[in-house]
Amino acid sequence: MHRSAPRLSRILACAAVPVMLVAVGCSSDSGSDGKKNAGSSSSGSPSAKPSEPTVEPAKFADLPDPCGSIAKKTIEDLVPSAKKKNGTAGRSNDLAARSSCSWNGLDDKGVKGSQYRWLDVGFTRFDSDQSLGSGAKRATDDYAKQITKTKATEGAEKLAAEPAAGIGEEATLVTYGLSKTDEDFAYATVVARTGNVVVTLTYNGAGYAGAKTPSSADIVKGAQKAAKEAVAAVADTAGDAKATPPAKGDAEGDKKDDAKDGKDGKDGKKDTAKGASTSKPKSS
């Protein structure tokens, strides 16, 4: 009886070992599954929303002087006897976004009659906007609107529209006739887009006192020439706006002047200190 009791205890202890190992194994598996479940739940969380792509920056940040956008020689040829050779600028609250200029004149040929000419050029620039789109896209939309507006000119006769090659990135020529002040006028309007800028140029003419109405071909030729110059002025203005480095001589001169100024400043401090030490306080 005394011997069997210890033996029975040892058998029970050995029998308990596999049970403990199984328990440990289950505990380990459950921990692994917990990690897997945690990982799967984290991977199932919604990912960060991708940011919207930024719009393309505007190509041009400024507009040319409208009255200087067309060469003086061209103005003399297209508008003889212009009242104001430098043109008349249109009103604008923001010349960097919208500007215009016009010329008109009556070339009196005496008994042969007179020739009237009128030229107008307008610029509209669009900035890029995250909600409205790029400047180029906004300009493209306005380009289409300006063409539609020109085609809707009240009283226009024999109206025709066609692409105008070689002017900006895209351009359209609209021609028509118009009767006013008892005279027949020949019109040509060129609407062009370059980058984020829309250029609208109109040229027209009429004969007075028995003079013939100018041919549509001549009016078209003049309008296209002026429009090309106006579009080129947009790019020229952008080039002029870029900062140019100072000349080497100027830079060296600035350095010398700065060094001289520094020396004078030190001397000035010495003189001030010297004066302070030698001056005597006044008696009260």
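The values are calculated or read from the model by the stated rules, or taken from the named source; none is laboratory data. For clarity, every value in this text was computed on a predicted model and none was experimentally measured. Every residue, glycine as well, gets a Cβ built from its backbone with ideal geometry; the counts of neighbours run over all protein chains shown. These accessible areas exclude ligands, DNA and RNA; they are computed on the full protein's heavy atoms, side chains included. Shrake-Rupley method; radii C 1.70, N 1.55, O 1.52, S 1.80 Å.
Each row is one residue, and each column tells you yes or no for (1) without any contact (Cβ under 8 Å) to a residue 12 or more places away in the chain; (2) crowded, with 21+ Cβ neighbours inside 10 Å; (3) under 18 Å from Lys158 (Cα atoms).
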site	(1), (2), (3)
Val199	no, yes, no
Ser215	no, no, yes
Ala230	no, yes, no
Thr237	no, no, no
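Pick out the one residue from Lys137, Lys145, Lys112, Lys151 that is surrounded by fewer than 20 Cβ atoms within 10 Å (Cβ to Cβ) and modelled with pLDDT under 95. I'd like the intermediate steps shown before the answer.
On the way: Lys137 fails: modelled with pLDDT under 95; Lys145 fails: modelled with pLDDT under 95; Lys151 fails: modelled with pLDDT under 95.
So the residue among Lys137, Lys145, Lys112, Lys151 that is surrounded by fewer than 20 Cβ atoms within 10 Å (Cβ to Cβ) and modelled with pLDDT under 95 is Lys112.
Against the condition in contact (Cβ under 8 Å) with a residue 12 or more places away in the chain, open to solvent by less than 20 Å² (accessible area, probe 1.4 Å) and touching a Leu at 6+ places or on another chain (Cβ under 7 Å), how does Val190 come out, does it pass?
Numbers: in contact (Cβ under 8 Å) with a residue 12 or more places away in the chain: yes; open to solvent by less than 20 Å² (accessible area, probe 1.4 Å): yes; touching a Leu at 6+ places or on another chain (Cβ under 7 Å): yes.
When the stated conditions are applied, Val190 passes them.
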